[in-house]
Structure formats: C-alpha cells, structure tokens
Amino acid sequence: MTPTRVFVVAPTPTLRAGLRSMLAAVEGTDLLVVGEAGVSGPEPRLSDADVVLVADEDWLEETALSASEYPTQSLLLLSEDEGATSRLRALSLRGWGVVPPDAPSEELGAAVAAVAQGLTVLPKDLADRLLEEPAAAVEELSEPLTARESEVLDLLGGGLSNKMIARELHISEHTVKFHISSLYSKLGVSNRAEAVSQGARYGLISL
C-alpha cells in the first residue's frame, strides 16, 4: 500500500517532533512524514506531500494557498476556531479538515487519511452545530454585481489566481484586479476568502 505522505507545519521543533511521533504511532494507516517547517522559516516545499498538517493557525492562509497550487493536495488544521472552516472551504483543495489540538493519535491519523482521500473532516460538536443551524435566508446586495464581477467571483470561489482568471476570461490582470476591487467594495470584504464566503451568503456562488 502506498503511504500517505504528510508535511508538518508547526511553530516549534518540539511540537513538530510530537506530531511526527503521533503519526508514527497510528496503527492500520500508513503515514509517512516527508517534510516539516516552522512558521518563521523559509517557505516550505509542499509538492511531495499528499496532506499538509498545520498546527499554527497564524500560518493557515499562506500554507493553504501554497497547498492549493497542487490539485491532489489536502490540508488538515489543528484548531478549535469555527471560523477556520469558511477559510478552508474557500480554497481549492482536494480535501480539508479541522481537528482539535488535543486530538489523540488515532483521531489525528484517521483525519489525515480521510482528507487525503478528498473528504472533509470536522469535530463532531462542530458538525452537529452546523447541521442544526437553520438555512439562512438569501440576502440581497444594495448594489448588485455586474455580469463580469459575478464571473470573477465564481472563479475566485474555484481558487483561481488573478493570472488564471485573466486567462479564463480573456482579459488583462489589471482588469481582473479592477473587478476584484469593485466586488470587494460591494460585498464589504477585504480579501478573497471573505469575498467567497459573502458570495455564498448572498447566493451568488455555490461552495
């Protein structure tokens, strides 16, 4: 059986060593740590990994954007912050998940294996709360997006870069930036993840 290759991102050598030991202790799942990085070190090379395990939320967005460049890559975050789920959903990842920082080895190993298969993993209490929440009524923007802004927002939801959006729509990157700035203003957001989240809230895109 081909092992699931894991790249560990954690702030301290002690934490990275602990996560390596936990993954090595998991029975019934073949997990192989192929690299590691600290949050203050150089940009990690993630291309050899199937799953990036992130133990520091401050570095989530940067690591996730790097991981989303590889269509076969997944990301697992150690966190108790519910807000992290919307940020992960907005990225183009094969699979993703959130597990508590105190998760035992078996739970951590199972979550790594699941996201590697393209699945989404959430703590049970968080999943229960999300399932119990009533569907929010679709709101309307005070100033609607233009057809082109809607196209750009849809492509942002697919995780495309400005250059890729420009190529897809046959327009310049400068024009893409103009449309993104305009839709940011209309949605009342300041970054791509918030734009995608608000777009879904207003029913402009589907996640």
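The values are calculated or read from the model by the stated rules, or taken from the named source; none is laboratory data. Everything numeric here is computed off the predicted structure, so don't read it as measured data. Note: ideal-geometry Cβ built from the backbone for every residue, glycine included; neighbour counts use all protein chains shown. The area values use the complete protein model at the heavy-atom level, side chains included, leaving out ligands, DNA and RNA. Shrake-Rupley method; radii C 1.70, N 1.55, O 1.52, S 1.80 Å.
Odds and ends about this structure:
- Just one residue in the set GLU139, GLU151, GLU143, GLU133 is modelled with pLDDT of 85 or more and not β-branched (Val, Ile, Thr); that residue is GLU151.
- Here the range 93-121 is the region considered, the condition is being open to solvent by 50 Å² or more (accessible area, probe 1.4 Å) and polar (S, T, N, Q), and the residue that is nearest to SER197 (Cα to Cα) is THR120.
- A count restricted to the range 147-170 and to residues that are open to solvent by less than 40 Å² (accessible area, probe 1.4 Å) and touching a helix residue (DSSP H, G or I) at 6+ places or on another chain (Cβ under 8 Å) stands at 11.
- Against the numbered list (1) part of a helix (DSSP H, G or I); (2) modelled with pLDDT of 85 or more, THR85 comes up short only at (2).
- Selected residue (criterion: modelled with the highest pLDDT) from residues of the range 37-57 that are more than 18 Å from ALA113 (Cα to Cα) and touching a Pro at 6+ places or on another chain (Cβ under 8 Å): ALA37
- The set of residues from the range 167-202 being among the hydroxyl-bearing types (Ser, Thr, Tyr) and closer than 20 Å to SER86 by Cβ comprises TYR184, SER190, SER197, TYR202.
- The residues on offer are GLY28, GLY38, GLY18, and the sole one that is open to solvent by 20 Å² or more (accessible area, probe 1.4 Å) and under 21 Å from LEU60 (Cβ atoms) is GLY18.
- Within the range 171-205, the set of residues being surrounded by fewer than 16 Cβ atoms within 10 Å (Cβ to Cβ), in contact (Cβ under 8 Å) with a residue 40 or more places away in the chain and in a loop (DSSP other than H, G, I, E, B) comprises GLY203 only.
- In the range 166-203, residue nearest to THR63 (Cα to Cα) [restricted to those that are of a type in the set (A, V, I, L, M, F, W, C) and in contact with an Asp or Glu (Cβ under 8 Å, 6 or more places away or on another chain)]: ALA193
- Output for the range 1-26, where each listed residue is closer than 18 Å to TRP96 by Cβ and of a type in the set (S, T, N, Q): THR4
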